[in-house]
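Asks: Below is a structure I'd like to ask you about.
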Amino acid sequence: MTNGQPLNVPDEVRKAMDSSVKQAKTGFEKMMQAADEAARGIDEKAGNAQKQALEMRRKAMAFTEQNVNAAFELAANLVRAKSIDEVMKLQTEYMTQSFATLRGQIQDAGQALQAQTRAAAADIVNETRKAQDKARDAVEKTVAAAKDAASKAPFKK
């Protein structure tokens with residue numbers, strides 16, 4: 001306990017300490033702002049990924065609709081067939097067309113998925129670089145301000 005004794009700290013030292021605390025707080029706020037901006041950027045990119053996933057789902061639904069319509073068309077044609085030869089011909093044409101359609105659908109979906117994956121990866125890398133650059137800048141400014149304050153401190157050796 002100090003028994004009520006006053007704390008004798010020179011005004012210059014108090015001012016230097018106050019300035020150091022303010023500079024540290026400012027540096028921290030800048031780093032937090034950079035982190036928040038990075039998080040918002042990543043959130044935005046996540047929203048873009050969700051939009052891309054929705055587009056892939058729509059594409060899959062369109063493929064399904066196309067394939068089901070082709071099957072219904074085959075069924076309608078089979079009902080009107082007059083001979084076994086015609087049934088076999090319709091079935092062979094359907095299978096040939098179905099495989100070609102499926103191959104195209106798989107290629108289309110694969111290319112879209114690759115493009116989306118590349119874009120998402122590039123976005124994440126860019127956002128991470130931005131966040132690192134902002135954080136580095138904030139730290140460098142804080143360190144420079146602290147060094148400046150320390151060099152002006154009346155209690156330095």
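The values are calculated or read from the model by the stated rules, or taken from the named source; none is laboratory data. Quick caveat, the model's predicted, so the values are computed rather than measured. Cβ sites come from the backbone with ideal geometry, for glycine too, and all protein chains shown count toward neighbours. When the accessible area is computed, the model is the full protein with side chains, heavy atoms only, and any ligands, DNA or RNA have been set aside. Shrake-Rupley method; radii C 1.70, N 1.55, O 1.52, S 1.80 Å.
Asks: For helix 11-80, what angle does its Cα long axis make with the longest principal axis of the chain, in degrees from 0 to 90 and rounded to 10?
Replies: 0
Asks: State the percentage of accessible surface on the range 44-84 attributable to carbon and sulfur atoms; use a 1.4 Å probe and exclude ligands, DNA and RNA. Spell out each step's value before the answer.
Replies: Working: 1870 of 3160 Å².
Answer for the range 44-84 is 59 percent, counting heavy atoms of protein chains only.
Asks: Moving on to the next point. Past the 21 Å Cα-Cα mark, which pairs from Lys25/Lys147; Lys59/Lys89; Lys22/Lys147; Lys25/Lys152; Lys25/Lys134?
Replies: Details: Lys25/Lys147 15 Å; Lys59/Lys89 30 Å; Lys22/Lys147 14 Å; Lys25/Lys152 19 Å; Lys25/Lys134 16 Å.
In this structure, Lys59/Lys89 exceed 21 Å between Cα atoms.
Asks: What's the angle, to the nearest 10 degrees (0 to 90), between helix 84-152's Cα axis and the longest principal axis of the chain?
Replies: 10
Asks: Only four residue types carry charge here, +1 at the Cβ of Lys and Arg and -1 at the Cβ of Asp and Glu. Report the dipole size of the chain about the Cα centre in Debye, rounded to the nearest 20. Numbers along the way, then the final one.
Replies: Working: 25 positive and 21 negative charges, 144 e Å.
Dipole magnitude for the chain comes out near 680 debye.
Asks: Given Met17, Ala138, Val87, which one lies farthest toward the positive end of the charge dipole of the chain, if we put +1 on the Cβ of every Lys and Arg and -1 on the Cβ of every Asp and Glu?
Replies: Met17
Asks: How far is it, in nm, from the label point at Asp18 to the one at Thr101 when both lie 7 Å from their Cα along the line to the Cβ?
Replies: According to this spin-label approximation, the distance is 7.9 nm.
Asks: Keeping all protein chains in the complex and leaving out DNA, RNA and ligands, what accessible area do you get for Ser151 with a 1.4 Å probe, in Å² to the nearest 10?
Replies: Answer for Ser151: close to 60 Å² accessible.
Asks: Can you work out the FRET efficiency for the pair Phe28 and Val125, with r the C-beta to C-beta distance and R0 = 25 Å, to the nearest 0.05? Don't skip to the end; give the middle numbers.
Replies: On the way: r = 26 Å, r/R0 = 1.05.
The computed FRET efficiency comes out at 0.45.
Asks: Which of the aspartates and glutamates could a cross-linker span from Lys30 if the Cα-Cα distance has to be under 15 Å and same-chain partners fewer than 8 positions apart are dropped?
Replies: Asp133, Asp137, Glu140
Asks: Still on this structure, I have one more. Considering the values (i) -0.61, -0.93, -0.98; (ii) -0.59, -1.26, -1.28; (iii) -0.25, -0.73, -0.85, which represents log10 I(q)/I(0) by the Debye sum over Cα atoms at q = 0.09, 0.15, 0.16 Å⁻¹ as calculated for the structure under consideration?
Replies: (i)
Asks: So, one more: When the helix-only estimate is applied to the chain (DSSP H runs of n ≥ 4, each -39,500 (n - 2.57), divided by the residue count), what is the mean residue ellipticity at 222 nm, nearest 500 deg cm²/dmol? Numbers along the way, then the final one.
Replies: Numbers: 2 runs with 139 residues, N = 157.
Taking each H run of at least 4 residues, the total per residue is -33500 deg cm²/dmol.
Asks: Still on this structure, I have one more. Under a 1.4 Å probe, what is the accessible area of the range 81-133 per residue, stated in Å²? Intermediate results must be reported in sequence, preceding the final value.
Replies: Numbers: 3960 Å² over 53 residues.
Roughly 75 Å² per residue, with all protein chains present.
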